[in-house]
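Here the structure is laid out as structure tokens; the discussion comes afterwards.
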Amino acid sequence: MPQPRCEYNIFTVMRGIKFLLFFVVLQLLVIIGQSQPCTTLGQNPFSAFPVCGTTNFVQTTVPECTSGIIPTSCANGGIPYTDRNPYWYKFTCYTTGTLALLITPQNLRDDYDWQLFDITGHDPSEVYTNSSLIVSYNWSGDPGITGTSSTANNLKECGGSGIPIFSKMPTITAGHEYLLMISHFDGSSQSGYSLSFPVGGANGGTASIVNPVTPAIKSAYAICDGLQVMVKLSSRINCKSIAADGSDFIISGPVSRKIIAAAGNGCISGFDSDSILVTLDNPLSPGTYTITSKVGTDGNTLADNCSNALPVGETASLRFVAFIPTPMDSISPVVCIKDTLQLVFSKPMACNSIAADGSDFSITGPVAVTVKSASGICSNGVSTFIRIILTAPIRVNGTFTIRLKNGTDGNPLIDECGLTTPAGSTLSFTTKNITTADFTGTVSTGCKSDTLRLSHNGYGGTTSWQWHLDSVPLSTLQNPVLISKAFGPHNLQLSVNNGFCSDTARANFIFEDHTVKAAFAVADTLCPTDTLHFADLSSANTIRWNWIFGNGVTSNQQVPGAQSYPLTGRRTNYTTKLIATNQYNCSDTAYKIITVLASCYIAVPSAFTPNGDGLNDYLYPLNAFKADNLVFRIYNRYGQIIFETKDWTRKWDGRVKSQLQPSGTYVWTLDYTERDGGKRVALKGTTVLIR
């Protein structure tokens with residue numbers, strides 16, 4: 001299916017501005033409470049339409065309402081999206097693959113948006129708060145047909161006019177439950193749309209949302225005095241397929257009873273049900289009965305949302321004994337880390353008999369488990385489920401036992417018939433596929449770097465590890481090792497997965513800086529009769545000093561004594577070094593080479609030969625190491641200054657402005673102050689330039 005072309009002209013810009021202004025007005029209406037809340041069946045997540053992949057679902061009208069803000073990753077100038085004029089649809093995936101969906105407005109000038117959520121194991125209300133449930137969406141501001149396409153680039157599209165109105169086909173997973181929200185965003189008309197799920201071909205999906213299993217009767221039980229019987233089905237059926245006169249069933253047993261009415265449990269507030277309440281003309285007498293499916297007066301048996309019919313002749317046996325307390329039946333599977341348990345009862349329990357603090361229950365098992373609270377999923381004051389909230393999630397695989405006891409309300413649980421389930425009743429359940437991200441980490445502090453050794457125990461068959469240090473990917477190994485010089489505090493995160501479940505754990509570590517830096521200051525040249533002074537410049541964490549001066553003398557003082565060197569009569573180099581050590585026994589070494597001169601007597605040569613042979617090529621004051629405020633000048637025969645310097649190491653090469661000067665006698669003057677005594681010295685002499 002081709003995606004629409006986007007032409008950016010003045011009309012496109014104006015539509016975008018109009019879209020943004022409309023959005024601002026919409027949000028203000030929501031905030032001040034002027035928007036109509038969504039109460040029509042199908043217009044909220046709890047009463048979503050069940051849909052099947054074989055059906056082209058037609059929504060003929062779209063009432064105006066808004067219930068809440070829908071989370072997205074759209075920036076949209078900071079303005080959130082709301083489920084404006086929505087309808088919600090629910091379906092189960094039976095074969096993993098790509099999902100194609102097509103929304104065709106009856107008025108192609110209408111703008112429809114949509115968003116898909118994976119609500120497996122979640123309360124439908126979380127679609128308003130939990131962004132992790134998002135699978136894909138399209139919030140383009142342009143009108144027309146929208147949905148998914150094999151040629152689209154992104155799973156998620158949002159923004160104003162000019163944004164693609166088709167998103168990439170998402171991959172959905174077998175066994176998962178999904179909610180699809182379709183929003184008539186612009187509200188320009190209420191003419192509705194059609195919804196379909198193409199399969200196969202260039203623009204069809206590969207996933208199946210068609211239930212391959214035929215409905216069956218799972219069980220049946222009599223309620224209270226036996227005037228009514230609850231029939232439990234293996235899958236949810238369409239409420240419209242239930243014959244109100246109960247003619248979809250017959251009952252047989254020790255006494256003759258006639259079914260006179262039937263209703264789906266939850267059909268008042270929804271579209272499908274897996275429990276059918278049938279009413280008899282007279283209460284049952286004690287005994288064993290059989291309830292059997294048949295074609296009702298409406299011309300069909302019960303049928304699910306994919307039109308799979310309950311076979312004629314399906315049966316369930318029930319034994320009626322008046323006034324038997326309702327036991328705990330089962331517990332919903334506990335897969336992955338959970339802090340919520342869902343307890344199932346064979347008959348509805350009175351919600352007002354459930355202690356809100358969870359004190360009706362205690363749990364024992366491989367680890368301690370504490371109940372925090374409990375509540376029913378109540379309808380008309382009763383519930384066949386009790387949700388138990390734990391103070392902390394169960395993070396181990398194993399078998400646990402839940403025990404019923406008298407709660408703080410003075411009783412255990414009471415069923416809809418007023419009978420008390422005895423205290424002491426137990427039910428076992430097993431947690432499985434749990435993997436935990438709990439890990440250990442040790443920091444080994446080094447002198448130049450620290451080593452962090454991380455370890456995960458692979459609990460629960462972990463197959464994937466994702467380590468992050470300060471949000472930056474670190475490793476995918478089970479037990480990585482990090483050597484780092486990034487000293488200071490750091491946050492370490494591990495995410496694990498075993499193909500079924502996942503978990504994330506975090507911990508803080510500190511990389512301590514034990515680095516020590518050796519450094520010292522000393523003159524690099526020394527006159528033969530002078531002494532040398534060393535100044536420590538090592539880092540502040542140094543506690544031990546080892547000086548080696550190169551003259552056969554060592555010291556362990558921070559401020560060592562002055563050092564003298566042998567009179568050799570020639571220029572000599574000595575290597576000096578300092579080894580600095582801190583409290584962690586970490587060390588560093590600094591080196592310097594000093595030169596002891598043959599002489600520090602200042603003199604100017606009487607001749608020089610600037611011929612480039614490396615011998616006597618320059619004229620300058622020799623050994624002026626201890627001359628301060630020095631000025632050296634050279635004059636030609638006319639008394640003109642042809643060279644002048646205040647740096648004694650700057651030498652005259654016999655040239656003036658790159659021109660060779662002639663051989664002959666040149667006058668020089670040398671003025672300086674003796675460093676040791678402060679005496680001012682003025683010298684004058686001549687030098688012969690020889691070529």
Next on the checklist: Can you find a residue that is modelled with pLDDT of 95 or more, out of contact with any helix residue (DSSP H, G or I) (no Cβ under 6 Å at 6 or more places or on another chain) and surrounded by 15 or more Cβ atoms within 10 Å (Cβ to Cβ) anywhere in the stretch 262-269?
Outcome noted: yes
Checklist entry - Of all residues in the stretch 120-149, which are at pLDDT below 95 and assigned to a loop (DSSP other than H, G, I, E, B)? => result T120, G121, H122, D123, T129, N130, S140, G141, D142, P143, G144
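A quick yes/no check of all residues on (1) at pLDDT 90 or above; (2) more than 30 Å from P286 (Cβ to Cβ):
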residue: N305; (1), (2): no, yes
residue: R319; (1), (2): yes, no
residue: S332; (1), (2): no, yes
residue: K338; (1), (2): no, yes
residue: A355; (1), (2): yes, yes
residue: G365; (1), (2): yes, yes
residue: T370; (1), (2): yes, yes
Checklist outcome for this item: A202 meets each of (1) assigned by TED's automatic domain parsing to the domain that holds D298; (2) surrounded by fewer than 17 Cβ atoms within 10 Å (Cβ to Cβ); (3) hydrophobic (A, V, I, L, M, F, W, C) with one exception, condition (1)
Item to check | strands (runs of 3 or more DSSP E) wholly inside the stretch 242-324 that include at least 3 residues being under 30 Å from Q43 (Cβ atoms) and under 54 Å from the mean Cα position of the chain (by Cα) | outcome: 259-264, 272-280
Checklist entry - Within the stretch 153-204, how many residues are assigned to a loop (DSSP other than H, G, I, E, B) and of a type outside the set (S, T, Y)? => result 26
Checklist entry - Mind checking which residues of the stretch 182-216 are within 26 Å of S47 (Cβ to Cβ) and among the hydrophobic types (A, V, I, L, M, F, W, C)? => result I182, F185, L195, F197, A207, I209, V210, V213, A216
Checklist entry - Which of the residues that make up the stretch 559-576 are closer than 17 Å to F520 by Cα and buried (at least 17 other Cβ atoms within 10 Å of the Cβ)? => result P560, Q563, Y574, T576
Checklist entry - Out of all the residues in the stretch 485-534, which are hydrophobic (A, V, I, L, M, F, W, C) and within 30 Å of I602 (Cα to Cα)? => result F520, A521, V522, A523, L526, C527, L532, F534
Checklist entry - From the residues in the stretch 210-229 that are part of a loop (DSSP other than H, G, I, E, B) and within 49 Å of the chain's Cα centre (by Cα), which one is farthest from K258 (Cα to Cα)? => result V210
Next on the checklist: Of everything in the stretch 610-628, what is part of a strand (DSSP E or B), in contact with a Phe, Trp or Tyr (Cβ under 6 Å, 6 or more places away or on another chain) and not small (G, A, S)? Give them in sequence order.
Outcome noted: L619
Next on the checklist: Please list, ordered by residue number, the strands (runs of 3 or more DSSP E) wholly in the stretch 337-444 having 3 or more residues that are more than 30 Å from N508 (Cβ to Cβ) and either charged (D, E, K, R) or in contact with an Asp or Glu (Cβ under 7 Å, 6 or more places away or on another chain) (or both).
Outcome noted: 338-350
Next on the checklist: Could you tell me how many of the residues in the stretch 188-209 are touching a residue at least 24 places away in the same chain (Cβ under 8 Å) and under 36 Å from the mean Cα position of the chain (by Cα)?
Outcome noted: 13
Next on the checklist: Six or more apart or on different chains, Cβ atoms under 9 Å: show the pairs whose first residue is in the stretch 317-345 and on the phi > 0 side of the Ramachandran plot and whose second is basic (K, R).
Outcome noted: C336/K432
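The values are calculated or read from the model by the stated rules, or taken from the named source; none is laboratory data. Owing to the predicted nature of the structure, the values given are computational and were not obtained by experimental measurement. So basically every Cβ, Gly included, is an ideal-geometry build from the backbone, and we count neighbours across all protein chains shown.
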